[in-house]
Every structure is written in C-alpha cells, then in structure tokens.
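One structure is given below, encoded as structure tokens.
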Amino acid sequence: MTMLQLGLIGVAVFAGAVIQRLTGLGFAMVAAPLLTLVLGPFEGVLLANILTFLLTFGMFLVTWRRAEPRRLALLVPAAILAALAGAPLGRLIPSAWMLTISGALVLGALILVMTMRHVRLFHGRTGALAAGAISGFMNATSGVGGAAITLYAMNISWEQASFYASMQVYLAVLNLASFLPKGLPHLGQAVGLVVVAALALGFAGGHWLGRLVSLDGARRGAIFLALAGAAATLAKGVYQMAG
C-alpha cells in the first residue's frame, strides 16, 4: 500500500463522514467509489459497508427517538432481503466488470437523484418496498444504497429531522446485512489506523461544519464528490476490461 493510496483512503473516509454527519446519509455515496478505485470492488465495497455501519450505529444511539418505525418496517425487510441476494456477487463477478458495474450504478443513481427529484417514482407501500429493495441490492453490490432512499424521501416529503434519525437505523441494519455474509476485509494495520483517524476527524468536522454549511450545500457537495469518484471507478473498470 503506497502513501498515495493511504492518503486517498483517508480523504474518502473523511469526506464521507463529514457528509454523513451533515445530512444523515451519504457516507458510502462519497467514499465507496474512491475506496473501490483504490482497494478493488470487493474490498472497497466491504469497507464502505463496515464503516457506514459503525458511523450510523453511533449516530443512532443519539437520534433514535425521532425515527419512524412505521416507515422503517416497510423499508428495512425489503432492503435486507435484497442485500443478502446481492452480497455474493462481489466474489463471483471479475474485478474489471465489477468496477465498471459499480461505477455505472453509482453514476446512474446520482443522475436520477439530480434529474428526477420531482417525479413520483416511489409512493405508498409498494413504493417503500421497491425503494428498500433497490437500495439494499445496490448497497451490497456497489456500496451505495442511499440514492433510492433519497428519491423515496423526496417523493413523500419526509420531514428532515425524522428522516435523519430514521436513516441511522436503516443504514446500520442494512450495512450489517451487507457485510456479514462477506466477512471482514484484510487491509493491514496502516489502513486500519488511517480509517479510524479519518472517520473520527470527519465526524467531528461534520459536527462543526453543521453550524456553517446549509443542508442543500452539503448535499450538492456530496453529489459532486460522488460523481467524480464514480466516474474514475467506471473509467478504471473500462480500462482494465480493454487491457
């Protein structure tokens, strides 16, 4: 592992933790593409799943009183079943193909969030189940489960404080279901130290920035970072396939 690679991992985790603390979701959307680029599709997605679980579980302990059990009861089971179905694909699909698929999925999801925020794709019980299933499958295969849930929240005009709290429950359970079938990554002590430090600093930085940055500004920043990471991941996958 080179110093450049360690630095990129640290930047990805730090930026993801800042966005997660500010908006209630987005760690994997920001961090997973870059982690996948550096570590490969299987280890990168697995690390994103584990770190999202740790971060959201900690936030859940503080915010759980505002969560909405009624909506979570629809989203969570569908997401878990889809995540368990998608988890084995990381080992079965060749690395170059998985990089390409992951990058394309993230780019597509982000484009949907940017262009279809006023289109009612998800509504009612069926919409909640569909959003949960799509989110769960994408979370297990590409590390990014927030896009479908973001669209669902926009479609139902989910109040921000309740959405923020509910997402910590949802993402903690979803990422636990996503990484348990895969096991733990083998990344070495240096990576572990960088990840822990970046996660802690990012969480603290997000708490501080919450007084200075608007929610919309944080979301725009998250989408920009995620687009850049997803484009680089897609390019690397296509390059490896061509070579």
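The values are calculated or read from the model by the stated rules, or taken from the named source; none is laboratory data. What you are looking at is a predicted structure, and each value in this text was computed from that prediction instead of being measured. Positions of Cβ are backbone-derived with ideal geometry, glycine not excepted, and every protein chain shown enters the neighbour counts.
Residues in region 87-129 that are surrounded by 19 or more Cβ atoms within 10 Å (Cβ to Cβ), over 21 Å from Ala232 (Cα atoms) and without any contact (Cβ under 8 Å) to a residue 60 or more places away in the chain: Phe122, Ala128.
Filtering Arg117, Arg125 for residues that are modelled with pLDDT under 80 and not polar (S, T, N, Q) leaves a single hit, Arg117.
Scanning region 147-167 for residues that are among the hydrophobic types (A, V, I, L, M, F, W, C) and either part of a helix (DSSP H, G or I) or buried (at least 20 other Cβ atoms within 10 Å of the Cβ) (or both) yields Ala147, Ala148, Ile149, Leu151, Ala153, Met154, Ile156, Ala161, Phe163, Ala165, Met167.
Picking from residues in region 18-39 that are within 15 Å of Val213 (Cα to Cα) and aliphatic (A, V, I, L, M), the one that is nearest to the chain's Cα centre (by Cα) is Ile19.
Among the residues of region 28-64, which ones are buried (at least 24 other Cβ atoms within 10 Å of the Cβ) and under 17 Å from Ala200 (Cα atoms)? Across region 28-64, the qualifying residues are Ala28, Val30, Ala31, Leu47, Ala48, Asn49, Leu51, Thr52, Leu55, Thr56. Residues in region 202-219 that are over 10 Å from Arg21 (Cα atoms) and of a type outside the set (A, V, I, L, M, F, W, C): Arg211, Ser214, Asp216, Gly217, Arg219. Run down Thr56, Thr63 and say which single residue is of a type in the set (Val, Ile, Thr) and at pLDDT 90 or above. After ruling out the rest, the residue left standing is Thr56.
Of all residues in region 160-186 being aliphatic (A, V, I, L, M) and in contact with a Lys or Arg (Cβ under 7 Å, 6 or more places away or on another chain), which is nearest to Gly24 (Cα to Cα)? Spell out how you get there, then give the answer.
Initial filter on region 160-186 (aliphatic (A, V, I, L, M)): 161, 165, 167, 169, 171-174, 176-177, 180, 184.
Right, trim to in contact with a Lys or Arg (Cβ under 7 Å, 6 or more places away or on another chain) and you get 161, 165.
Values: Ala161: 9, Ala165: 7 Å.
Going through the qualifying residues, I end up with Ala165.
The single condition from (1) surrounded by fewer than 20 Cβ atoms within 10 Å (Cβ to Cβ); (2) closer than 20 Å to Leu51 by Cα; (3) aromatic (Phe, Trp, Tyr) that Tyr170 fails is (1). Selection within region 211-243: residues that are over 20 Å from the mean Cα position of the chain (by Cα) and modelled with pLDDT under 80. The member of this set that is surrounded by the most Cβ atoms within 10 Å (Cβ to Cβ) is Val213.
Selection of first residues in region 159-183 that are closer than 21 Å to Phe137 by Cβ and of second residues that are surrounded by fewer than 17 Cβ atoms within 10 Å (Cβ to Cβ), restricted to Cβ pairs under 6 Å at least 6 apart or on distinct chains, gives the following pairs, ordered by first then second residue: Ser166/Glu68; Ala172/Phe57.
Criterion first (over 28 Å from Arg91 (Cβ atoms), in a helix (DSSP H, G or I) and either polar (S, T, N, Q) or without any contact (Cβ under 8 Å) to a residue 40 or more places away in the chain (or both)) does Val62 satisfy it? Yes: the conditions hold for Val62. Quick one: which of Ala197, Ala204 is free of Cβ contacts under 8 Å to residues at least 12 places away in the same chain, of a type in the set (Gly, Ala, Ser), farther than 26 Å from Ser102 by Cα and part of a helix (DSSP H, G or I)? Checking each option against the conditions leaves just Ala204.
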